[in-house]
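Okay, structure first, notes after.
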Amino acid sequence: MSDTADKTDILSLMPGELKAWMEENGQKPFRAKQVYEWLHVHHAGSFDDMTNLPKALRQTLSDSFRIASLHAEEVLTSLIDGTRKYLFSLEDGHVIESVLMRYSYGLTACISSQAGCRMGCRFCASTIDGKARDLRAGEMIAQVVKMSEDAGERIGHVVIMGSGEPLDNYDNLVRFLRIMGDPDGECLSLRDITVSTCGIVPKIRSLAGEGLPVTLALSLHAPTQEKRERLMPIAKKYRLPDVLDAMKEYYERTGRRITFEYSCVEGENTSPEDAKLLADLVQGMNCHINLIPVNHVSERNYRRPDQAKIEAFRRKLEKRGISVTIRREMGRDINGACGQLRRSYISAGKAPASADADGES
């Protein structure tokens, strides 16, 4: 572990917190804005890069803070569509995954919010080893910055759909969103950020009141409470009617259309009856359903339906007037399932295992 581990991650600080630190340490308040600009506009990797600061202040900053850093242990590039999958190591040796995808409208970064996950979704590799720890806001920002630097261009969209449950790391998530949307900092439109959740009801309601107009995507995955419980243990704690009520509240308070993520699992949730139940469930909601052919995970028995079955499922929803698409699969040739690359490193002893491997129930 780095000897800087006891220092505060300055990349996670809000402008007001930097200003307060400057005043407490006898510095001019305007220095906070300079530092913030170096971090979030110029993406300085060290305090020595901040050349318009006095040398003594740079040393004081170095003594007091660290800048969140990631190291790319492995980068896989798809020969099909250029998608890049990153395995980043954190300062304490834990590893996370991030993905960079190019669409017609530009670059999208898919980032992790936790090292591992404790939600226990049955078809997901990210949750097999449990959650190691939450990521700080600075570590989430660093994923976007590192991939942007690697691509040599600005990232225009961010989806928080990598390892982890973002609302299980609520305070760091909100801090990340505020910094990313700050016009004096990262200056990314919050409307171009999507937060994915498996349905933590109190946190959905809290996020609705934060004044952050991000898109909220619910991992739905089943049209009934019973089926959802089989696929997602968290459903036992937060029942489907309550989750949908919270999502409706999110829409009413933010005006942001709801997205439902629906992983298509053979023999589980793509029958004609499932399509009818799903259409009935969301009828009348301002929503979009994103069908996701599930990726096979070697430790699990779940498999994707054939394409014809997924297409038939989509058509049945469309006939009921539901907005629905089948997610375009990016990077199919680079071990695309979320969490698989990280798991291979843990299994090989190259990264520490998580302390919590039981899943939320």
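Here the condition is being in contact (Cβ under 8 Å) with a residue 40 or more places away in the chain, over 21 Å from LEU135 (Cβ atoms) and in contact with a Phe, Trp or Tyr (Cβ under 9 Å, 6 or more places away or on another chain); of LEU61, LEU57, it holds for LEU61 alone. Where strands (runs of 3 or more DSSP E) sit wholly within the range 138-225, those with at least 2 residues that are closer than 27 Å to HIS43 by Cβ occupy 157-160, 193-197.
Considered as a group, the residues in the range 8-21 that are touching a Phe, Trp or Tyr at 6+ places or on another chain (Cβ under 8 Å) and either modelled with pLDDT under 95 or of a type in the set (A, V, I, L, M, F, W, C) (or both) include one that is farthest from VAL95 (Cα to Cα), and that residue is LEU18. Residue check: ILE289 meets all listed conditions (1) touching a helix residue (DSSP H, G or I) at 6+ places or on another chain (Cβ under 7 Å); (2) within 22 Å of LEU317 (Cβ to Cβ); (3) part of a loop (DSSP other than H, G, I, E, B) but one, namely (3).
Among the candidates GLY185, GLY181, GLY164, the residue that is touching a residue at least 12 places away in the same chain (Cβ under 8 Å) and on the phi > 0 side of the Ramachandran plot is uniquely GLY164.
Does the range 100-114 include one or more residues that are at positive phi and either crowded, with 22+ Cβ neighbours inside 10 Å or not assigned by TED's automatic domain parsing to the domain that holds ILE334 (or both)? No: the range 100-114 contains no residue that is at positive phi and either crowded, with 22+ Cβ neighbours inside 10 Å or not assigned by TED's automatic domain parsing to the domain that holds ILE334 (or both). Of the residues screened, SER263 is not one that is more than 22 Å from the chain's Cα centre (by Cα) and of a type in the set (Ser, Thr, Tyr). Can you find a residue in the range 249-264 that is polar (S, T, N, Q) and closer than 16 Å to GLY120 by Cα? Yes. Annotation for the range 126-137: at least one member residue is of a type in the set (A, V, I, L, M), under 20 Å from ASP92 (Cα atoms) and at pLDDT 95 or above.
Determine whether SER148 is closer than 16 Å to PHE88 by Cβ, surrounded by 24 or more Cβ atoms within 10 Å (Cβ to Cβ), out of contact with any His (no Cβ under 6 Å at 6 or more places or on another chain) and among the hydroxyl-bearing types (Ser, Thr, Tyr). Taking the combined requirement at face value, the residue does not satisfy it.
When residues in the range 15-41 are screened for being of a type outside the set (Val, Ile, Thr), under 21 Å from LEU177 (Cβ atoms) and in a loop (DSSP other than H, G, I, E, B), 0 of them pass. Exactly one residue out of ARG122, ARG102, ARG118 is charged (D, E, K, R), within 18 Å of the chain's Cα centre (by Cα) and in a loop (DSSP other than H, G, I, E, B): that is ARG118. Could you please let me know if TYR238 is surrounded by fewer than 23 Cβ atoms within 10 Å (Cβ to Cβ), in a loop (DSSP other than H, G, I, E, B) and in contact with a helix residue (DSSP H, G or I) (Cβ under 8 Å, 6 or more places away or on another chain)? Criteria met by TYR238. What do you reckon, is CYS121 within 27 Å of ALA44 (Cα to Cα) and in contact (Cβ under 8 Å) with a residue 40 or more places away in the chain? Considered against the rule, which asks whether it is within 27 Å of ALA44 (Cα to Cα) and in contact (Cβ under 8 Å) with a residue 40 or more places away in the chain, CYS121 comes out as no. When GLY82 is tested against (1) surrounded by fewer than 20 Cβ atoms within 10 Å (Cβ to Cβ); (2) closer than 29 Å to LEU173 by Cβ; (3) not assigned by TED's automatic domain parsing to the domain that holds CYS187, just one condition goes unmet, and that condition is (3). Across the range 45-75, the qualifying residues are those that are more than 18 Å from the chain's Cα centre (by Cα), crowded, with 17+ Cβ neighbours inside 10 Å and of a type in the set (A, V, I, L, M), and the one among them that is nearest to SER112 (Cα to Cα) is ILE67.
Of all the numbered requirements in (1) modelled with pLDDT under 95; (2) surrounded by fewer than 19 Cβ atoms within 10 Å (Cβ to Cβ), HIS94 misses one, and that requirement is (2).
The values are calculated or read from the model by the stated rules, or taken from the named source; none is laboratory data. From a predicted model like this one, the values you see are computed outputs, not experimental measurements. Methodologically, a virtual Cβ is constructed for each residue, glycine included, from the backbone with ideal geometry; neighbour enumeration extends over all protein chains shown.
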